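S.K.: What follows is a structure written as C-alpha cells; I'll ask about it next.
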Amino acid sequence: MQNERPGPIHIVGAGPGVGASVARRFARAGHPVGLISRTPARLGALTAELTADGIPAECAPADASDPAALERALAVLAERQGPAEVLCFSPLPDIDLIKPVVETTPDDLAKALALNVVGAAAAVRAVLPAMRAAGRGTLLFVTGSAVERPNPDRAASAVAGFAERSYAALLSQALAGTPLRVAHLVVAGAIGNGLRHEPDAVAGRLWDLHDTAAETYAVLS
C-alpha cells in the first residue's frame, strides 16, 4: 500500500482561495486534482491555472445542493481520473442565508441543510463504495466556526453546521476500524490572503488530517 500511486483528490466547492490551495498541496504529494463548483467560468479558469502549472486537473460543474448533479459530477471525475482517494467537501455558504434566527425561514434552513448536509451525503455516497473497494480513502469536511460558537444572527449557518458536524462524526464512528479516514476541520475566522487564515494554512491543516489520521475533529482558531 505504501508504494501505490496516490489517487485523486476531488474538491467540492473549489474556488481560488482554499480550493486552489488544497489542490496545490495535495498535488505536491502526487494526487491528481478534480474540481467541482457551481460556477463554470471560475471553475474553468482555476483548472486552466493549475494545468498550466503542471498539475493534472479536471473539472465538472455542479451545485453541491443538487444531489443528482453532484453525484454525476463526481462520477465524471472518477471516469476521467479514477476513483477519488480523497474527498474534500468545502462549499462556500450562501451569504443570502446569513440572518437572525427570528428572521430565518423554513426555506432558509432547507437551503442551508441541502448544501451542507444533503450535499455532503450525496458526495460521500458517490465516492465511498470505491474507497471501500480500494481499502483506502479520506473524507474531509470543512466548515466555519458556527459549530463551535453558534450566533443567533447567523442561524442557518449554525443549524447546518451542527448537522454537518453530526454527520461527519457518525461517519467517523461507522468507519472506525477500517482503513478509511474521516476528519472535520472547523476554521474560525476569515480566510483569505492577509486575513486571519491564509488559504495555504488551511490547506496544510487538511493535509495533516489526511496524512496522519491522528484527529477526526480539529479547530483552526
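Coordinate-derived values only; no laboratory data. Note that the structure is predicted; figures quoted are calculated from it, not measured. Using ideal geometry, Cβ is built from the backbone for each residue, glycine included, and neighbour counts are taken over all protein chains shown.
S.K.: Relative contact order of region 71-149, please, whole-number percent, based on alpha carbon pairs below 8 angstrom and at least 6 residues apart.
M.R.: Relative contact order comes out at 52 percent.
S.K.: For the chain, what relative contact order do you get, as a whole percent, if you take Cα pairs closer than 8 Å and at least 6 residues apart?
M.R.: 20 percent
S.K.: Still on this structure: Net charge near G204, counting Lys/Arg +1 and Asp/Glu -1 over other residues with Cβ under 11 Å of its Cβ?
M.R.: Net of charged neighbours comes to 0.
S.K.: Please report, in debye to the nearest 20, how large the charge dipole of region 18-144 is about its Cα centre when each Lys and Arg carries +1 at its beta carbon and each Asp and Glu carries -1 there.
M.R.: Rounded to the nearest 20 debye, it is 480 debye.
S.K.: Still on this structure, I have one more. Could you tell me which of V127, P91, A163 has its Cα farthest along the dipole of the chain towards the positive end, charges placed at Cβ (Lys, Arg +1; Asp, Glu -1), taken about the Cα centre?
M.R.: V127
S.K.: Let me spell out the model: positive unit charges on the Cβ of Lys and Arg, negative unit charges on the Cβ of Asp and Glu, origin at the Cα centre of region 108-201. What dipole size does that give, in debye rounded to 20?
M.R.: Using Cβ point charges on Lys, Arg, Asp and Glu, region 108-201 gives about 320 debye.
S.K.: Shifting gears a bit: Note down the magnitude of the dipole of the chain about its Cα centre, charges +1 on Lys and Arg C-beta and -1 on Asp and Glu C-beta and zero elsewhere, to the nearest 20 debye.
M.R.: 360 debye
S.K.: List the relative contact order of region 130-221 as a percent without decimals, with contacts defined as Cα pairs under 8 Å and 6+ residues apart.
M.R.: Taking the mean separation of contacting Cα pairs over the length of region 130-221, I get 33 percent.
S.K.: Of G189, G82, T39, which is farthest along the charge dipole of the chain in the positive direction, counting Lys and Arg as +1 and Asp and Glu as -1 at C-beta?
M.R.: Looking along the dipole axis, the top candidate is G82.
S.K.: Right, next: Work out from phi, with θ = phi - 60° and the Karplus expression 6.51 cos²θ - 1.76 cosθ + 1.60, the ³J(HN,Hα) of each residue of region 119-131, listed in order in whole Hz, and give x for Gly and Pro.
M.R.: x, 4, 5, 5, 5, 5, 4, 6, 9, 5, x, 5, 4
S.K.: Hey, another quick one. What does the net charge come to around R72 if you take all other residues with beta carbon closer than 15 Å to its beta carbon, with K and R at +1 and D and E at -1?
M.R.: -2
S.K.: While we're on this one: Could you work out how far the C-alpha centroid of region 116-192 sits from that of region 50-100, in angstrom?
M.R.: 15 Å
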